[in-house]
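For reference, the structure discussed in these notes is given below.
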Amino acid sequence: MVIDAHLHLNAGALNPAVVQAAADLGIDRLLVSSLGSWAYEPSHDDCLQANRETEAAMRRHPGLVLGACYVSPRFPEALDEIARCFDAGMVAVKLWVAARATDPCVLPVVEKAASLGLPVFHHAWHKATGNLPHESTPSDLAELARRCPQAALVMAHIGGDWERGLRAARAAPNLRVDTSGTIIESGMIEAAVEQLGAERILFGTDADGVEPAVALAKVTGAEIDGRAKRLILGDNAAALLPHL
């Protein structure tokens, strides 16, 4: 099974081109979240609407789309929304840029997810031009992982600057990375396998912002063995996500 562990709805729906690409490329499951209007500081109502969009995509594409519950940790009601999404069949929690991973409001959200057996997929990036005000860096994710060792955390994009991302993730064994959001860069996948082990890497595209075929080629074309490719492309996500 091949699982794309990181992609988003576009204007409230899954892009038909992404669905077709999954069929063409042999991608069996899509872990989808909606970020609604893509506001950097969403209201709780914004998150509720985003999750309704994800639920609609799950109903429209049964057997293909898996849902991730999007919340802003700044609202205590986020804990109830995670529980509701879990009851609705969602299999993960998605955090973006509403709060840095080291903000105290994030820990209760991660603890709630962990209590339900849900992994948390958390955006992280290190930008030379400077991050958004509440945008997490790889080191922020590593610190969150240390604060909540019982949680299964996934650092999206290998932190953007993947060399920094790998350095940060090495010391936090409950922190995984996904391969999404970057164009092919020589040596990235090989370095991740060498430094973290293939068991801590998940395939993701960040579609439809990145062409799925390009994202898939990062893994299939990497100079790693077949077992590592199988783990990254699907086995790791299948072991991490409930209900699979």
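The values are calculated or read from the model by the stated rules, or taken from the named source; none is laboratory data. Computed from a predicted structure; not experimentally measured. With ideal geometry, Cβ positions are generated from the backbone for all residues, glycine too; neighbour counts draw on all protein chains shown.
For the stretch 117-138, give me each residue that is over 20 Å from Pro173 (Cα atoms) and either among the aromatic types (Phe, Trp, Tyr) or surrounded by fewer than 16 Cβ atoms within 10 Å (Cβ to Cβ) (or both).
Of everything in the stretch 117-138, those that are over 20 Å from Pro173 (Cα atoms) and either among the aromatic types (Phe, Trp, Tyr) or surrounded by fewer than 16 Cβ atoms within 10 Å (Cβ to Cβ) (or both) turn out to be Lys127, Ala128, Thr129, Gly130, Leu132, Pro133.
Take the residues in the stretch 181-207 that are assigned to a loop (DSSP other than H, G, I, E, B) and modelled with pLDDT of 95 or more, then tell me which one is farthest from Ala222 (Cα to Cα).
Filtering the stretch 181-207 for residues that are assigned to a loop (DSSP other than H, G, I, E, B) and modelled with pLDDT of 95 or more, the one farthest from Ala222 (Cα to Cα) comes out as Asp206.
Suppose we filter Ala98, Ala13, Ala39 for residues that are crowded, with 16+ Cβ neighbours inside 10 Å and of a type outside the set (D, E, K, R); which single one remains?
Answer to the selection: Ala98.
When the residues of the stretch 81-95 are filtered to those that are assigned to a helix (DSSP H, G or I) and either charged (D, E, K, R) or in contact with a Lys or Arg (Cβ under 8 Å, 6 or more places away or on another chain) (or both), which remaining residue is surrounded by the fewest Cβ atoms within 10 Å (Cβ to Cβ)?
Result: Asp87.
Which of (1) assigned to a loop (DSSP other than H, G, I, E, B); (2) more than 24 Å from His243 (Cβ to Cβ) is the odd one out, the single condition Asp46 does not satisfy?
Unmet condition: (1).
Among (1) more than 21 Å from Gly160 (Cα to Cα); (2) assigned to a loop (DSSP other than H, G, I, E, B); (3) without any contact (Cβ under 8 Å) to a residue 12 or more places away in the chain, where does Gln20 come up short?
Going through (1) more than 21 Å from Gly160 (Cα to Cα); (2) assigned to a loop (DSSP other than H, G, I, E, B); (3) without any contact (Cβ under 8 Å) to a residue 12 or more places away in the chain one by one, Gln20 breaks only (2).
Scan the stretch 212-235 for residues that are touching a residue at least 24 places away in the same chain (Cβ under 8 Å), outside any helix (DSSP H, G or I) and either surrounded by fewer than 18 Cβ atoms within 10 Å (Cβ to Cβ) or out of contact with any helix residue (DSSP H, G or I) (no Cβ under 6 Å at 6 or more places or on another chain) (or both) and jot them down.
The answer is Gly221, Glu223.
Only one residue in Ile201, Ile189 is touching a residue at least 24 places away in the same chain (Cβ under 8 Å) and either over 26 Å from Gly26 (Cα atoms) or more than 16 Å from the chain's Cα centre (by Cα) (or both). Which one?
Ile189
Would you confirm, using the coordinates I've provided, whether Glu41 is touching a strand residue (DSSP E or B) at 6+ places or on another chain (Cβ under 9 Å) and either touching a residue at least 40 places away in the same chain (Cβ under 8 Å) or under 21 Å from Gln150 (Cα atoms) (or both)?
Values: touching a strand residue (DSSP E or B) at 6+ places or on another chain (Cβ under 9 Å): no; either touching a residue at least 40 places away in the same chain (Cβ under 8 Å) or under 21 Å from Gln150 (Cα atoms) (or both): yes.
So Glu41 does not fit the description; no.
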